[in-house]
Amino acid sequence: MDRIRLIAVLSAGFSLLAAPAYAQEEVGAGYEQRVSFYDVSQTEWDGFYIGAQGGYAHVTGDDRFESNTGFDGGIGGIYGGYNYVYRNAFVGVEVEGNFANTNNTASSGLELSMNSMAAAKLRGGITYGFALAYANVGIATASITARNATLGTNSDNAQVVGWIIGGGAEAFVSKNLAIRLDYQHLAFSDEAYNIGSTRFQEDMSADIVRLGLTYRFETY
């Protein structure tokens, strides 16, 4: 799947969902009044939040077998965090946990599956009324299973650790609910796998695009 095209399509969809709907009605001759379906002045980005997300994951592996075929699948999970807002800027922290299922078979016979992924991130960005844009960086870990029927019948599992960087945008759709479009790139440290009598190193990375729904707790 073309990742650039996927991100462009999701971005267009997010823009349509996130834009506040306005209706115009005539008040008098030559005058119009713009009416919003919800009052954006009541939105508040400061404080704690939780949410659920789901989307597409593309995992790549590089090894001595030249098995750099992409392994595609779905990913979904939950997240939570806290934002501190000062004027139109914010900083915050966020943690997330996900289940995933990626699969494909490289020309060498290798299959790589990302089973789960968790991350802790620092976030920062800007707010503008009902909308927010952010960038993030942090650490991530994932459970990876490797198989290769040409080397042996067994599989090998490893817990890999690396860094995560990404960004996205959010928009309120009601007083406490917001939607988000999120992109993350993950790069993991090399990990050794043993299948049959063969031991090999795998250098892995992943690209993830997700939609999320966030509930923001009111601050007092």
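Any read-out appearing in this document is the output of simple, stated calculations on the displayed coordinates, not a laboratory observation. What you see is a predicted model; the values in this text were computed from it and never measured. We place every Cβ from the backbone using ideal geometry, glycine too, and count neighbours over all the protein chains shown.
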### Query
Where the only charges are on Cβ atoms (+1 Lys, Arg; -1 Asp, Glu), what is the dipole of the stretch 42-216 about its Cα centre, to the nearest 20 debye?
600
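Within the P(r) computed for the stretch 116-220, what percentage of the Cα pairs occupies the region above 22 Å?
The calculated P(r) of the stretch 116-220 puts 48 percent of pairs beyond 22 Å.
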### Message
Using C-alpha positions alone, give me the convex hull volume of the stretch 42-216 per residue in cubic angstrom.
### Response
84
